[in-house]
Amino acid sequence: MKRIVVIGAGHVGFYVAERLSKLLKGDIKRGQVELMVIDPNQHMTYQPFLPEAAAGSISPRHGVVPLRQALKHCTILTGAVTEIKHAERKLMVQPYVGPAREVEYDEVIVAPGSVSRPLPIPGLADTAIGIKSMGEAIWLRNHVLQRFDIAATTEDPDVRRKALTFLTVGGGFAGAETLGELEDLTANIVKNYPMLDASEIKWYLVEYANKILPEVGPEMGAYAARELTKRGVDIRLGTTLKSCEGGHVVLTDGEEFDSDTIIWTAGVMPHPLLKQTDLPIGPRGHLECNTRLQVATGVEAGKHTVGEVVEGAWGAGDSTQVPDTSDFPMDWCTPSAQHAVRQARTLADNVYRSHVGRELTQYEHKYIGSVAGLGLYKGVANTYGFKAKGLLAWLMHRGYHLSRVPGTGRKGRVLADWIVGFFTKREMVQLGEIQAGREPFEAIAAGTDPARAAKSVG
Ligand SMILES: Cc1cc2nc3c(=O)[nH]c(=O)nc-3n(C[C@H](O)[C@H](O)[C@H](O)COP(=O)(O)OP(=O)(O)OC[C@H]3O[C@@H](n4cnc5c(N)ncnc54)[C@H](O)[C@@H]3O)c2cc1C
């Protein structure tokens, strides 16, 4: 039996596995091919929905796709790949519990994505949170909502000010959309706290470049910045974080304030797993791939070059560098769901083609632009040169992502969340207690009041 292993079931891995299991259905049924998918989570996370999940517009469970239900013809392993020894066609998997196990394979598809890129800024590691997983989105929602109960209950003006001051570092998709959604949430729920005034809520957006949302182009990015400014967001361009020890924020432009909430979205870097492989890694830490999505050395930026191919190894998405050959050349494809999903299709086709001895195809794409949501009924879009803002852009954003999230059932659940949200008040429940699920019982067992076990989220 030939074993094809997919590392990571994100935007690349999930769609590759889904398509390959259709293409190889006959071989899988006959027991000639095994398609194995390895991921530390038992679900695929549709990352563009993380800001909406943090704001409560969709249920967190509806922004993820359970692998065992969606990929029925695949073998699923729930664990982290810790090492790839491609020369021996072996890799190591660490399950949640118990010793690591070795997995042998014939072909490997490497797609562990990227991780938040932390910088050596004093206090950052202890105080900030990224937004790359559903767990982080849930934590952020509970944390932000709990700030309002803290502010409304304390008599200490410094605690109150710090609780109501929020900072997002990074003005790309993740940062601008998360800030847009959460600012909208906080402006709405403050109405339920008569002792708090909306003017006390302060949101900062700090971006090192001189623009935000480069993905939607300069005109729409400038519009997004104006809109957020109108909503009271203090946007600091050409600025970054100098330190944030104990939540005391110091910006490079000299501004200082205290904040309980520091959201770090200032860039991503290739997954650290790539350091534990014998596969070729480029100068920026990415897995080097050609436009056929084979792992290869000697590939040139912006060109269809084959390079020196590493047989049996494939890659795509955020963890790779693939030449961008479009009419919107960036040398290398940028980390985006748009590239990841389209590369996944070419990659699956090429793995199949190589399996049946056909010629491989090239990854080619036309730049179609982007859409971004900035809170309920607000957005920006620039697709096929058509620029839209406000409600229309927001509808385009929702329509696009609804069409992309995998599975009819998943689409139905997301749509149902949106419809219910339209007819009901904003959900302001925070369930921070899930972060300390066993503590009340431990308190009872120790003979103390379980309510005293309640802790601040973060
Ligand atoms: C908040 C947010 C909003 C975004 N919005 C947009 C948008 O609107 N439009 C857009 O184009 N892009 C957007 N992006 C970017 C887009 O989501 C990513 O570029 C895309 O997910 C990359 O796909 P990938 O498959 O390479 O990585 P991922 O989708 O991150 O998948 C990587 C997978 O690998 C798994 N993994 C990690 N470590 C291991 C390991 N050791 N072993 C095995 N598996 C592992 C992970 O659990 C994950 O399932 C957004 C990103 C974020 C964070």
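The values are calculated or read from the model by the stated rules, or taken from the named source; none is laboratory data. Please read all numbers here as calculations on a predicted model, not as lab measurements. FYI the Cβ positions are ideal-geometry reconstructions off the backbone, even for glycines, and counts take in every protein chain you see. Surface accessibility is based on the protein's heavy atoms, side chains included, excluding ligands, DNA and RNA. Shrake-Rupley method; radii C 1.70, N 1.55, O 1.52, S 1.80 Å.
Assuming a ≥ b ≥ c are the square roots of the Cα gyration tensor eigenvalues, decide whether the stretch 1-140 counts as rounded (a/c under 1.5), prolate (otherwise, with a/b larger than b/c) or oblate. Judged from the Cα gyration tensor, the stretch 1-140 comes out oblate (a/c at least 1.5, b/c at or above a/b). Label zone (Arg3, point 7 Å along Cα-to-C-beta; backbone nitrogen cut-off 15 Å) within the stretch 11-34: 32-34. Probing with 1.4 Å while keeping every protein chain in the model, the per residue accessible area of the stretch 79-217 equals 42 Å². Taking amide H positions as modeled 1.01 Å from N, with prolines and chain starts lacking one, the residues under 5 Å from Ile235 and 5 or more places away or on another chain are Leu205.
Calculate, in nm to one decimal, what Lys191 and Ala451 gain on full extension: separation in residues at 0.36 nm each, minus their alpha carbon distance. Write down the numbers at each step before the final one.
Working: separation 260, 0.36 × 260 = 93.60 nm, distance 2.67 nm.
Difference between extended and current length: 90.9 nm.
The apolar share of the surface of the chain, taken as the fraction of accessible area on carbon and sulfur atoms (1.4 Å probe, ligands and nucleic acids excluded), comes to 54 percent. Each of Val110, Ile58, Ser21 was placed along the dipole of the stretch 8-128 (beta-carbon charges, centred on the mean Cα), and the one lying farthest toward the positive end is Ser21. Amide H contacts for Glu34 (H built 1.01 Å from N in the peptide plane; partners 5 or more residues away or on another chain; cut-off under 5 Å): Lys2, Arg3, Ile4. Look at the alpha carbon pairs under 8 Å that are at least 6 residues apart: their mean separation over the length of the chain gives a relative contact order of 17 percent.
Spin-label pair Arg358-Glu102: with each label point 7 Å from Cα along the Cα-Cβ axis, the two points sit 3.6 nm from one another.
Of the cross-linked pairs Lys2/Lys72; Lys366/Lys387; Lys162/Lys242; Lys202/Lys389, those separated by over 20 Å at the C-alpha level are Lys202/Lys389.
Taking label positions 7 Å along the Cα-Cβ direction at both Ala209 and Asp149, the computed distance is 3.9 nm, reported to one decimal. The antiparallel fraction among DSSP beta bridges confined to the chain stands at about 50%. Taking amide H as placed 1.01 Å from N in the peptide plane, Ile76 has its amide H under 5 Å from the amide H of Val37, each at least 5 places away in sequence or on another chain. Extension gain, Phe257-Leu395: 0.36 nm per intervening residue step, less the Cα-Cα distance, totals 46.1 nm. The distance separating the Cα centre of the stretch 357-404 from that of the stretch 176-239 comes to 21 Å. Modelled spin-label separation between His73 and Phe386, with each label point placed 7 Å from Cα along the Cα-to-Cβ direction: 3.5 nm. The local environment of Val309, defined by Cβ-Cβ distances under 12 Å, has a net charge of -2 under the rule Lys, Arg +1 and Asp, Glu -1.
If R0 is taken as 22 Å, the Cβ-Cβ distance between Leu237 and Leu402 corresponds to a FRET efficiency of 0.10.
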